[in-house]
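Single-structure report; data block below.
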Amino acid sequence: MRNIIVFFTLLSLFVGCSKDSLDNIDSSINKSNLTIEQIEMLQKMKETSLILTNMANNDEVNSELASLILEEKYKGDFVLFKDLFKHSNEEGLKSEKCKVALFEKIFDQTQNSNALKSSELNDLKEYLKKNNLALYIPYPLEDYPEGFRVPTISYHPLDNQDTNEGFEPIIENGIISGYKTVMVNEEYSLTRPVYLIIPKKEDELYSKNKSSLINYANLKSAASYPVDTTKENIAIILKHYYVANKHQFDGIFAGESELRIVKIELFPLSQHKFTPIDDFIDCTTKRKAIRNGTVITMGTALKTDWKKAERSITVGAYDYDPGYWDISDGRVGFQYTIKNSGQGILNWKDTLGIVVLQDTMTINEGFTIGGTFRFKLESNDDLLGQQTWGRDWFSTWENGETLYSFGDFKCTFTAVSY
């Protein structure tokens, strides 16, 4: 009886969709933990997935999509549906290389297999544009062997970022005759290409570094390598980074791994899952780059004007999960000096002076640490690691640079003095 009630409730919510469409795709999206708006989005994404499944072997469409992604308008390997439909607003793609016409034409033709009326199709397209839904291609088709370059289509499940149903086209004599339902996740994408429909927030579209820019005027007088620590200032630059063991930090439906490098003055344990308030360098890394171990050039300043009075600097790396981070109303912080090498216990206090956490860490002799964090214990942000550098030690860096590892995350830093 409960299932019947749920079915008719959903039916009343989606009166804009055809009955045949609802009959075909309702069964897997009755998720009691989602809001009405999220259930509607699942409905629209699945409906779109079925249309895309029937055009998955169109080489011209796939080539058009690949060309759009290569333009790198966004920081990820995706293109918004509002860029794919010709009635997009003026902020859509305006590439001279790719006019974005074929996708919409084939999309409109293919919808006939789902028995959508013109008005219903237009409503679907408007929904995709209005809600910033994107077509995400985490791994290009050419990464797969010939004969395995027809993508399986899936969509974000909204209640997790790792696994959801997908539709793998069945091809007979070069024609798609149907599909089989499969479970799509990172492991599945190792052998089969996938196109994923995912929602994107405005603040997820473009790279947003908060780090200071390199002061090129001062760096014109930079000393030759090795670094001269008697100079007044030292600048630290992130030269390039890569992930050595191809570890993906997020589930496939979460898109790229949003890795960040920060200048910090504390050693929080990773289980505290804090997000620093310090400036950061956005090292968002595409999934294909992680899988292929690609070296990514940066040339971005992490710190400039490092005065002689500053004896050391600590840098850290963490994986930022914007969908899970929630800043609390309070703050915690500490100030402590380790006089001798060894372990020290830090009491983290909130604004009222109440100890909310304790940290145990090993710190080098004479190193002073201190800082304040916004905090939320339920955050999924994971500190990957940290490194502490002494000012005099930079003169030992070969060619003024060194490679550092934050767990799986590898970075090359360069130092110059001036």
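The values are calculated or read from the model by the stated rules, or taken from the named source; none is laboratory data. From a predicted model like this one, the values you see are computed outputs, not experimental measurements. All Cβ positions, glycine included, derive from the backbone under ideal geometry; neighbour counts span all protein chains shown. The accessibility values were calculated without ligands, DNA or RNA, using every heavy atom of the protein model including side chains. Shrake-Rupley method; radii C 1.70, N 1.55, O 1.52, S 1.80 Å.
As a test of reading the structure, rank GLU126, GLU71, GLU37 by solvent-accessible area (1.4 Å probe, protein chains only), most first.
The ranking, largest first, comes out as GLU37, GLU126, GLU71.
Please give the FRET efficiency for GLU310 paired with VAL182, using the beta carbon to beta carbon distance and R0 = 41 Å, rounded to the nearest 0.05.
Efficiency at R0 = 41 Å is approximately 0.15.
Taking R0 as 56 Å, what FRET efficiency do you get between LYS130 and ASP392 from their Cβ-Cβ distance, rounded to the nearest 0.05?
After rounding to 0.05, the efficiency reads 0.45.
Going by accessible area, probe 1.4 Å, with all protein chains left in place, what is the ranking of ARG192, ARG311, largest first?
Per-residue accessible area, sorted high to low, gives ARG311, ARG192.
Once amide H atoms are built 1.01 Å from N in the peptide plane, which residues 5 or more positions from ASP228, or in another chain, come under 5 Å H to H?
SER417
I'd like the accessible area for MET183: 1.4 Å probe, protein heavy atoms, all chains in place, Å² to the nearest 10.
The value for MET183 is about 110 Å².
Please turn the phi angles of the range 143-158 into ³J(HN,Hα) values with the Karplus equation 6.51 cos²θ - 1.76 cosθ + 1.60 (θ = phi - 60°), one per residue in order, whole Hz, x for glycine and proline.
These are the phi-based 3J(HN,Hα) values: 6, 10, x, 4, x, 10, 10, 9, x, 7, 9, 9, 8, 5, x, 6 Hz.
How much accessible surface does GLU186 have with a 1.4 Å probe, in Å² rounded to 10?
That residue has around 50 Å² of solvent-accessible surface.
Step through the residues of the range 164-177 one at a time and calculate ³J(HN,Hα) from phi using the Karplus curve (6.51 cos²θ - 1.76 cosθ + 1.60, θ = phi - 60°), rounding each to whole Hz and writing x for Gly and Pro.
7, 5, x, 10, 8, x, 9, 10, 10, 6, x, 10, 6, 9
Gain in length, GLN38 to ASN245, computed as 0.36 nm per residue apart minus the alpha-carbon separation, to one decimal in nm?
Here the segment from GLN38 to ASN245 would lengthen by 71.0 nm.
Taking a 1.4 Å probe, which of LYS130, LYS308, LYS303 shows the most accessible area, and what order do the others take after it?
Listed by decreasing accessible area, they come as LYS130, LYS308, LYS303.
Given the pairs LYS75/LYS130; LYS201/LYS263; LYS75/LYS125; LYS75/LYS200; LYS82/LYS201, which span a C-alpha to C-alpha distance of over 18 angstrom in this model?
Where the Cα-Cα span goes over 18 Å, the pairs concerned are LYS75/LYS130; LYS201/LYS263; LYS75/LYS125.
Give me, ordered by chain and number, the residues 5 or more places off TYR179 or on other chains with an amide H under 5 Å from its own placed amide H.
For TYR179, the qualifying residues are ILE170.
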